[in-house]
Every structure is written in structure tokens, then in C-alpha cells.
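Reviewing the structure listed below.
The values are calculated or read from the model by the stated rules, or taken from the named source; none is laboratory data. These figures come from a predicted structure and were not determined experimentally. All Cβ positions, even for glycine, are placed from backbone atoms using ideal geometry, and neighbour counts span all protein chains on display. Calculation scope for accessible area: heavy atoms of the full protein, side chains included, ligands and nucleic acids excluded. Shrake-Rupley method; radii C 1.70, N 1.55, O 1.52, S 1.80 Å.
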Amino acid sequence: MGYFPFFMDVAGKNGVIVGGGGVAARKVEKLLAFGPKLTVIAPRIEDGIRMMEEAAVQTGAASLILKEQPFQMSDLTGADFVIAATDDETLNGRISEYCMAERIPVNVVDDREKCSFLFPALVQEGDLTIGISTNGKSPTAAAWVRKRLSQTLPEGLGEMIDLMSQIRPRVMEQTASESRRREILEKLFLYCMEKKGDVPFAELLRCLEGMLDA
């Protein structure tokens, strides 16, 4: 069976990444944008992760703690999710077994059978997030799809989504019919698409008023 693509809010969640090399760095980079509290544990942590720690401190959007020390299973206490990214398959397996027993979501890099969740290839544009997965069978294919998909997204899509988030409560308040709401929101979105997101909110409100009066 495939993996169902849940989208989970990880802001403020405690994530533990075991490993301090390039693979761990890529996981840290992906996750930090979503605001978790990350702890990276490894006997040696590469400079790229240290640079991300400095950036996280400056922005305050996420927390990144580095522990340059040998890993112990007690380091997983209180974790909301775990990523095993070491080059030691035996250790990665032990981490997976522990997390499975404790019902902690775990991802073991390059070992699909030991994962309870997978990392998708991500496409991000503002508040739009698209996750692409091949059920762990071909990360290369997922990366190819991500690249092609990112090239096809319309210009200004992030701004359009911001506008829609502002206008949606007005539509919900003023339209009782669910089908009519969908129709109006679709028309407003297509209008934003025509303008490539370059639409003042007041103009979008006038469009809404015209639709409601029609």
C-alpha cells in the first residue's frame, strides 16, 4: 500500500535528527521553513548545519539546537518525530525499532522499510506547498517531477493565494449556498490569475460585490 500524503503542522514540534552530514543538512533545510524545534545530534556536525543554526537564531522562526556528541537512545525522549540520517545502518535500524515501539513518527534515510513517514520532494510558492512522493521507490523521479512542476507554476501564485485568503471570509459571510461560494471563489481566483496576482484587495472586493449583486 502507498503512503497517504498527510500535511501536518510541525510548528513548535520537537524533531530530532540523528546525523550531522550532508543528508541531515538537507532535512534541516527543508524543515526549518515550517517552524519546528529541531535538535541535531552527531559526533561531528558539518559547517552547513551550523550556518543554518545562526540563521534560525536571527529569524526566530524556528529553533535549531546542535549537540555534537555521540547519540544515545535517551536523546529521543520527548521527540514528536525523528529522522535517522547516519551512515551506520545498524544504528539507523535501532532508532527505527525504538521509534516504532514508542509510536514516534520516524524517517530512516534511504531505507523505506524502516520508515513510518516519508520525506516528499517539495515545491513551495508562498503558502502553496506541493509534496511529491514515489513511495520511496525513486527519489530521482520525484526530484524530476518537482523541477518540472515548479517551472509550470504561474507567476505571482503566492500573491494570489494571499488575496484569496483575505477575500474568502467575506464570501463565507455573505453567501449561504456552498455551491455558490465555490463558484464565486473560483471566479475570483481566475480573475487573480488573469492579473498574475497584481490585484489590489479593494479591486477584488469590488469584483465580489458585483458578483453578489448579479
Relative contact order for region 72-203 using alpha-carbon pairs under 8 Å, separation at least 6, rounded to a whole percent?
15 percent
Relative contact order for region 93-146, counting Cα pairs under 8 Å that sit 6 or more residues apart, in percent:
24 percent
Under the Karplus curve 6.51 cos²θ - 1.76 cosθ + 1.60, θ = phi - 60°, whole-Hz ³J(HN,Hα) for region 25-38, x wherever Gly or Pro sits
4, 5, 5, 4, 4, 5, 6, 4, 5, 9, x, x, 9, 9
Fraction of alpha-carbon pairs in region 83-192 farther than 16 Å apart, rounded to whole percent, equals 70 percent
Measure nothing fancy, just the Cα-based angle from helix 201-213's long axis to the longest principal axis of the chain, in degrees from 0 to 90, nearest 10.
50 degrees
With all protein chains present and a 1.4 Å probe, how do CYS207, CYS192 order by accessible area, largest first?
CYS207, CYS192
Please compute the net charge surrounding LEU38, taking Lys and Arg as +1 and Asp and Glu as -1 over other residues with Cβ under 10 Å from its Cβ.
+2
Quick check: at a probe of 1.4 Å, how many percent of the accessible area of the chain sits on carbon and sulfur atoms?
51 percent
Let me know the Rg and Dmax you get for the chain when you use only its Cα atoms, in Å.
21.4, 68
What percentage of all Cα-Cα pairs in region 67-119 are separated by more than 14 Å?
45 percent
Percent of Cα-Cα distances greater than 15 Å, calculated over region 15-107:
54 percent
Quick one: helix 139-152 against the long Cα principal axis of the chain, what's the angle to the nearest 10°, folded into 0 to 90?
20 degrees
Whole-Hz ³J(HN,Hα) from phi, Karplus 6.51 cos²θ - 1.76 cosθ + 1.60, for region 153-169, glycine and proline x
5, x, 5, x, 4, x, 5, 4, 5, 4, 4, 5, 5, 7, 7, 4, x
